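Contents: one structure, followed by commentary.
The values are calculated or read from the model by the stated rules, or taken from the named source; none is laboratory data. The model shown is predicted, which means the values in this text are computed figures rather than measured ones. All Cβ positions, even for glycine, are placed from backbone atoms using ideal geometry, and neighbour counts span all protein chains on display.
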Amino acid sequence: MIRFLIAAILLVLLALQGMAMSLLPSSIVYSELLVTPHWVLCMVMLVAIFFDKDNTYFCVWYGIIFGLLIDVVYTGVLGVYMVTYAFTAYVVHGLKKFFHANFIASTLLAIAGVAFADTLLYIIYSFVEISAMNWGHYLILRMLPTLLANVIFFVILYPLVKNRVERWGIDFENA
């Protein structure tokens, strides 16, 4: 039941992620800056940090399923977000072993995860010639605004779900 509750939260975030650009001021939306919300990824990383244990990989499955949903709903290329979110969740799951699960470490893992996922998306889209932006423009016009926006979202999301996700992980392990 807990896993379905997490999936429901991810589904709500998937829907809200599509409306994220309407929350930004029009001066940012109509500028050269490109902000990509990775709200589902932020929640998947919280699952990786606080729900999953060393031998469980639910975060990877959530990354696969909801990455595919993002591909179907928002992009024209199937599998890009699916692979990126799953691989990022796997990396964050592995890196959490080196950090104590607190706010600072979780935020650093979220920054690294969002940067890794967005860079991987850029590389894939450049490889299939969907994106023609050079590295300098990508870093200034897309990476930095995307990181800033997603870190702000993560800082808001963290206190709302951290204790619940951690408790659900303990309850799931004991069940």
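What number of residues within region 25-49 are of a type outside the set (D, E, K, R), closer than 24 Å to residue 132 by Cβ and in a loop (DSSP other than H, G, I, E, B)?
Number of matching residues: 8.
For residue 165, state whether it is buried (at least 18 other Cβ atoms within 10 Å of the Cβ), farther than 27 Å from residue 32 by Cβ and hydrophobic (A, V, I, L, M, F, W, C).
In short, yes.
Condition test on residue 44, is it among the β-branched types (Val, Ile, Thr) and either surrounded by 12 or more Cβ atoms within 10 Å (Cβ to Cβ) or within 30 Å of residue 170 (Cβ to Cβ) (or both)?
On the way: among the β-branched types (Val, Ile, Thr): yes; either surrounded by 12 or more Cβ atoms within 10 Å (Cβ to Cβ) or within 30 Å of residue 170 (Cβ to Cβ) (or both): yes.
Criteria met by residue 44.
Which of the residues belonging to region 135-146 are without any contact (Cβ under 8 Å) to a residue 60 or more places away in the chain, closer than 11 Å to residue 35 by Cβ and crowded, with 18+ Cβ neighbours inside 10 Å? Reasoning before the result, please.
Step one: list which residues in region 135-146 are without any contact (Cβ under 8 Å) to a residue 60 or more places away in the chain, which gives 135-140, 143-144.
With the extra rule that they be closer than 11 Å to residue 35 by Cβ, the set shrinks to 143-144.
Residue satisfying the conditions is 143 alone.
What's the number of the condition residue 90 fails, among (1) outside any loop (DSSP other than H, G, I, E, B); (2) modelled with pLDDT under 95?
(2)
Just to be sure before I move on: is residue 67 over 25 Å from residue 2 (Cβ atoms) and either surrounded by fewer than 21 Cβ atoms within 10 Å (Cβ to Cβ) or at pLDDT 95 or above (or both) in the structure I sent?
Criteria not met by residue 67.
Going through region 115-134 one residue at a time, which ones are over 23 Å from residue 91 (Cα atoms) and surrounded by fewer than 12 Cβ atoms within 10 Å (Cβ to Cβ)?
Answer for region 115-134, where residues must be over 23 Å from residue 91 (Cα atoms) and surrounded by fewer than 12 Cβ atoms within 10 Å (Cβ to Cβ): 128, 129, 132, 134.
Among the residues of region 51-60, are any in contact with a Cys (Cβ under 6 Å, 6 or more places away or on another chain), closer than 17 Å to residue 88 by Cα, in a loop (DSSP other than H, G, I, E, B) and not aromatic (Phe, Trp, Tyr)?
yes
Is it the case that residue 143 is assigned to a helix (DSSP H, G or I) and more than 23 Å from residue 162 (Cα to Cα)? Explain how you work it out, then say what you get.
Details: assigned to a helix (DSSP H, G or I): yes; more than 23 Å from residue 162 (Cα to Cα): yes.
Against the criterion (assigned to a helix (DSSP H, G or I) and more than 23 Å from residue 162 (Cα to Cα)), residue 143 qualifies.
For region 93-132: of the residues being farther than 19 Å from residue 51 by Cα and of a type in the set (D, E, K, R), which is modelled with the highest pLDDT?
118
Residues 50, 58: which one is within 20 Å of residue 101 (Cβ to Cβ) and either in contact (Cβ under 8 Å) with a residue 60 or more places away in the chain or of a type in the set (Ser, Thr, Tyr) (or both)? Quick ask: steps written out before the conclusion?
Details: 58 fails: either in contact (Cβ under 8 Å) with a residue 60 or more places away in the chain or of a type in the set (Ser, Thr, Tyr) (or both).
Of 50, 58, the one residue that is within 20 Å of residue 101 (Cβ to Cβ) and either in contact (Cβ under 8 Å) with a residue 60 or more places away in the chain or of a type in the set (Ser, Thr, Tyr) (or both) is 50.
Among the residues of region 70-79, write down those that are among the hydroxyl-bearing types (Ser, Thr, Tyr) and either at pLDDT 90 or above or not in a loop (DSSP other than H, G, I, E, B) (or both).
The answer is 74, and nothing else.
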